[in-house]
Amino acid sequence: MRPQHLLHQPLTTQKCTLGCPILDRCLGGAIPCNSITELVAESGSGKTQLCLQLSLSSQLPASHGGLSASSLYLHTEFPFPFRRLHQLSTNFRSSHPCNDHDPCDNIFVQGVHTVDQLLDIMPRIESFIKNSKSRLPIRLIVIDSIAALFRSDFENTPGDLKKRSSLFFKISGKLKAMAMGFGLAVVVTNQVVDLVAPDEGINGLKVGNLGCLYSSGRRVCPALGLAWANCVNSRLFLAKDDEFVHQDNQLVNGDGGDFVSRRTRRWIHVVFAPHLPKLSCEFEITRKGIFGVER
Amino acid sequence: MEISRLPISASQRGKLISAGYTSLSSLSSVSSSALASDLRISESEAVEILKVASRGSRLGWSDGTNSVINGAQNAWDMLHEEESLTCITTSCADLDNILGGGINCKEVMEIGGVPGIGKTQLGIQLAVNVQIPREFGGLGGKAIYIDTEGSFMVERALQIAEACVEDMSEYSRFLRNDVQACQVKIQPKDILENIFYFRICSYTEQIALINYLEKFMSEHKDVKLVIVDSITFHFRQDFDDMALRTRVLGGISLKLMKLAKEFSLAVVLLNQVTTKYTDGSFQLTLALGDSWSHSCTNRVILYWNGDERYAYIDKSPSLQSASAPYSVTSRGIRNSAPRKYCSDHQSNV
């Protein structure tokens, strides 16, 4: 066994761009390699959008902040959003015209239905990465979402919870070993649960910089509990909030009624990360993808 | 040294004293036959007594200790030695205060807390601080960082190292007028070079590395700190036989304690927090169970108190239980900012 010399490797961990300079700058280059980054959010907050965009932007060369790599997308929620991926890839091709291949060719998609299936395909994933004949090596694994696998199969009894957390560590250990061995960026998405009785016992436990996570005006906390929180290296939280804007539309419509428009504002927060302080950045989801909003 | 302390039988001791041999020096010039006739004992018995006496006097005069068993120390000597050892500062004065100056050498310290509380940050900070040169009150040693979780980020280590070097130059400018002496020779990159980083991907690797450490340490005598971040991660998967896990972990902790004593270095073990199910309710506790909690002599728990981070001494043979706030800044671990500043800062965000 030999120690690694910290000076013999680049002085910053390689990061994979999210495809938006504002978000990249905010997150210190975006998603780090060699470790697991978790995206936590309620449904409809943009987790999948961000993952799809990431699997496209990872194909960019290092000069553009990418990994010049293909990606493996494990989805546990069905169906896989092919149409949205196609839409994003068309836009990706037009903004990066030097790429003559269809970027969708570099995204390998695999559906996963159960935890056991995930554990079964782990060794196959490893040999797939090792022996991949694809044009670009695989440097990104996305699991969207990890929570969906665990939330149905286990009961809320001490025995089941113990079995569940041992599986968390097993999966996370294997993912981290692969991340380290091949220099992969690993992104997993997680759902949230509502906090019904806040600040009672371990329910109100503060994990990371944000005391409480609010999304759509409700207090939430990441699913899968404390054990899983120990399994990821960085945790990002996507929050959304609906804002009702009263507009006086007299001039436009001439009917004299107040028109109430709903606008969804979205933020990305760093809950914890070894290389980032507490910070947040607003973003919006458009037809072309996810983009940070400069304040 | 007196005769009464020699490890000989009581009757021999009695005979010696009644014959007028009260100190070791009085035995140093006497021959075995003279002693035999003086004490009316056999010559071989006299030779035996002289042998014990000469060994006692050799130890007594060369080491200044009274020990009869090789390598043993008395508490007085240990106290003196402990006082002469330098602690590794945490860069947070409040934290150093409750720890009695910082992380002690020759000891194993366990530090635990929830994800995001700053365990890894504290680990990196210590790996940097152990290298503060002697002229700045540090140890001038090197660090071994055993990363089992993959949270060590080299850019963060560099950032903390840069801040540490800046602080040292600031300190020397403040203390000395001599321009020459202001030069801080150590560079941030040197600090990174002196952190031996091991990335561990399974518990077998972790056990193997702990076994290998002794050899590594004997080749790198200037290592003064070993950090395991975290001791827990690989032991929370795949271990169905909890008794085996306990034995393996116990073995690891004994080895680390031995290393700490032998090479007079500090060992810091970072641990995770888990929930413990007792009497129908869940409670927070450090991971790895009750028997593990016995194997660490010093234990510090990091926790949130509102929006402030706190450290609490949960277990220590020499420190009184106390807690102190600290904060994680871009420059590393520092004193907690005064409240006013805190609230100003937050209103800006």
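The values are calculated or read from the model by the stated rules, or taken from the named source; none is laboratory data. Here the structure is a predicted model, which means the values were calculated and not measured. For neighbour counting, all protein chains shown are included, and Cβ atoms are generated from backbone atoms with ideal geometry for every residue, glycine included. Ligands, DNA and RNA are stripped out before the accessible areas are found, and what is left, the full protein with its side chains, is counted by its heavy atoms. Shrake-Rupley method; radii C 1.70, N 1.55, O 1.52, S 1.80 Å.
A few notes on this one:
- From B:314, B:241, B:307, B:279, residue being more than 9 Å from every other protein chain (Cβ to nearest Cβ) and either within 30 Å of residue A:277 (Cβ to Cβ) or in contact (Cβ under 8 Å) with a residue 24 or more places away in the chain (or both): B:314
- Screening the range A:82-93 for residues that are within 17 Å of the chain's Cα centre (by Cα) and crowded, with 17+ Cβ neighbours inside 10 Å and picking the one that is farthest from residue A:291 (Cα to Cα) gives A:85.
- One residue stands out in the range B:189-207 among those that are open to solvent by 40 Å² or more (accessible area, probe 1.4 Å) and facing chain A (nearest Cβ under 7 Å): the one that is farthest from residue B:161 (Cα to Cα), namely B:193.
- Residues that are touching a Cys at 6+ places or on another chain (Cβ under 8 Å) and of a type in the set (Val, Ile, Thr) within the range A:1-20 comprise just one, A:13.
- Hey, residue B:291 touching a residue at least 12 places away in the same chain (Cβ under 8 Å), more than 14 Å from every other protein chain (Cβ to nearest Cβ), of a type in the set (Gly, Ala, Ser) and part of a loop (DSSP other than H, G, I, E, B) or not: no
One line per residue, one yes/no per condition, for (1) under 17 Å from the mean Cα position of the chain (by Cα); (2) more than 14 Å from chain B (Cβ to nearest Cβ); (3) open to solvent by 10 Å² or more (accessible area, probe 1.4 Å):
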{"residue": "A:13", "(1), (2), (3)": "no, no, yes"}
{"residue": "A:17", "(1), (2), (3)": "yes, yes, no"}
{"residue": "A:29", "(1), (2), (3)": "yes, no, yes"}
{"residue": "A:70", "(1), (2), (3)": "yes, yes, no"}
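- Restricting the range A:183-200 to residues that are within 12 Å of chain B (Cβ to nearest Cβ) and surrounded by fewer than 19 Cβ atoms within 10 Å (Cβ to Cβ), the residue that is farthest from residue A:237 (Cα to Cα): A:183
- When we screen A:163, A:130 for residues that are more than 30 Å from residue A:63 (Cα to Cα) and of a type in the set (D, E, K, R), the only hit is A:163.
- Highlighted here are the strands (runs of 3 or more DSSP E) found entirely within the range B:211-278 that include at least 2 residues which are open to solvent by 70 Å² or more (accessible area, probe 1.4 Å): B:273-278.
- Qualifying residue in the range B:85-106 (condition: in a strand (DSSP E or B), touching a Gly at 6+ places or on another chain (Cβ under 9 Å) and within 30 Å of residue B:193 (Cβ to Cβ)): yes
- Residue A:106 being open to solvent by less than 30 Å² (accessible area, probe 1.4 Å) and out of contact with any Asp or Glu (no Cβ under 6 Å at 6 or more places or on another chain): yes
- Of the residues making up the range A:31-53, just one is open to solvent by 10 Å² or more (accessible area, probe 1.4 Å) and within 14 Å of chain B (Cβ to nearest Cβ), namely A:34.
- Any hit, the range A:94-111, residues being over 29 Å from residue A:291 (Cα atoms) and under 18 Å from the mean Cα position of the chain (by Cα): no
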